[in-house]
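Sharing a structure with you now.
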Amino acid sequence: MAYENSEPGGADDPRVALKILVAGGFGVGKTTLVGAVSEIRPLRTEEDLTDVGSGVDDLTGVERKTTTTVAMDFGRLTFADGLRLYLFGTPGQERFWFMWDEIAFGAVGAVVLADTRRLEDCFGAIDFFEHRGIPFVVAANCFDGAARHSPDDIRDALDIDAKVPVVPCDVRRRESVKEVLIALIELAIQDAGAAQPTPALPPY
Ligand SMILES: Nc1nc2c(ncn2[C@@H]2O[C@H](COP(=O)(O)OP(=O)(O)OP(=O)(O)O)[C@@H](O)[C@H]2O)c(=O)[nH]1
Ligand SMILES: [Mg+2]
């Protein structure tokens, strides 16, 4: 694979690589988020939504959605300072949640993506990360036409710890997604303790 920057310390020579999860309820924009920010063509496992899911999958707000993630999304983002993130998007539908433990293995943190019109859909993801002690940020995906709420209001409604960042974002915009990821990295570093040495990258 050709890289734009093949110099030492460049895009193909990261100093630290971290695994990040992107989770949340059905159709909140996880696949869109990974695709918007990935510097490689993202791996997707989309399958068509069929009539069998009607009555089970709530399409409110995403009526034009025609596919759903059945295994995971995968993308990659390298920051200029050599920090590389491997992004793993989870499937949103509850019937696929049995895979989350496998996908979460080794993750340093997670983005819980929320649609403010149906906040309750991200409770499952929040419980999952709280129980496993995995640091997470809540990213409120601002869908067109949805009422805007302050981060504090969203935090209160979700009943999450005051230290959990709540970041409004537009998952279609790369810069917006990067802000979410930076908030997560800062939280993960804080959680790990500033004194911890950063992990060395295995050769590859
Ligand atoms: N208007 C608008 N549409 C969005 C936004 N984010 C995502 N979408 C659309 O909403 C739909 C859902 O996006 P996906 O990225 O497939 O959602 P997902 O969370 O991966 O869905 P599942 O994998 O099925 O759980 C798609 O049709 C997107 O184009 C947004 O910020 N604004
Ligand atoms: Mg998806």
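Every read-out reported here was derived from the displayed coordinates using simple, explicitly stated rules and does not represent laboratory data. Quantities reported herein were computed from a predicted structural model and do not represent experimental measurements. Glycine also receives a Cβ, built like all others from the backbone with ideal geometry; neighbour counts cover every protein chain displayed.
Å³ per residue of the Cα convex hull, for the stretch 43-110? Write out the running numbers ahead of the final one.
Numbers: hull volume 7.9 nm³, N = 68.
Each residue corresponds to 116 Å³ of Cα convex hull volume.
A further question follows. Given the stretch 85-158, what whole percent of its Cα pairs are spread farther than 18 Å? All intermediate terms of the calculation are to be shown ahead of the outcome.
Details: 1098 of 2701 pairs.
Of all Cα-Cα distances in the stretch 85-158, 41 percent exceed 18 Å.
List every DSSP H helix in the chain whose Cα atoms extend 30 Å or more along the helix's own long axis and whose mean Kyte-Doolittle hydropathy is at least -1.0. Mind showing how you got there, number by number?
Working: long enough: none.
What comes out of the filter, once short or polar helices are dropped, is none.
Please state the Cα pair-distance histogram of the chain with 10 angstrom bins from zero: what percent is in each bin?
8, 36, 36, 16, 4, 0
Rounded to the nearest 20 debye, what is the charge dipole size of the stretch 16-192 about its Cα centre when +1 sits on each Lys and Arg Cβ and -1 on each Asp and Glu Cβ? If you can, show how the numbers build up before the last one.
Details: 19 positive and 29 negative charges, 135 e Å.
So the magnitude is around 640 debye.
What order, most packed first, do the peptides 133-144, 21-32 have when packing is the mean number of other Cβ atoms within 10 Å of each residue? Please report the intermediate quantities before stating the final value.
Numbers: 133-144: 19.8, 21-32: 25.6.
The packing order, highest mean first, is 21-32, 133-144.
Count of lysine pairs in the chain with Cα atoms under 20 Å apart, counting only pairs 8 or more residues apart in sequence or on different chains? Show your work: numbers first, answer last.
Working: Lys19/Lys30; Lys19/Lys178; Lys30/Lys65; Lys30/Lys178; Lys163/Lys178.
Summing the qualifying lysine pairs gives 5.
DSSP beta bridges in the chain, what fraction antiparallel, as a percent rounded to 5?
Numbers: 10 of 32 bridges.
Counting only bridges with both partners in the chain, antiparallel ones make up about 30 percent.
Work out from phi, with θ = phi - 60° and the Karplus expression 6.51 cos²θ - 1.76 cosθ + 1.60, the ³J(HN,Hα) of each residue of the stretch 87-102, listed in order in whole Hz, and give x for Gly and Pro.
Here the 3J(HN,Hα) series is 9, 10, x, 8, x, x, 6, 4, 5, 9, 5, 4, 8, 4, 4, 5 Hz.
Here's another thing I want to ask about it. Per-residue ellipticity at 222 nm for the chain, helices alone: DSSP H runs ≥ 4 residues times -39500 (n - 2.57), over residue total, nearest 500 deg cm²/dmol? Each step should come with its number before you reach the end.
On the way: 5 runs with 50 residues, N = 204.
It comes out at -7000 deg cm²/dmol, rounded to the nearest 500.
Compute the distance in nm between two label points, each set 7 Å from the Cα along the Cα-to-Cβ direction, one at Arg117 and one at Arg132.
2.9
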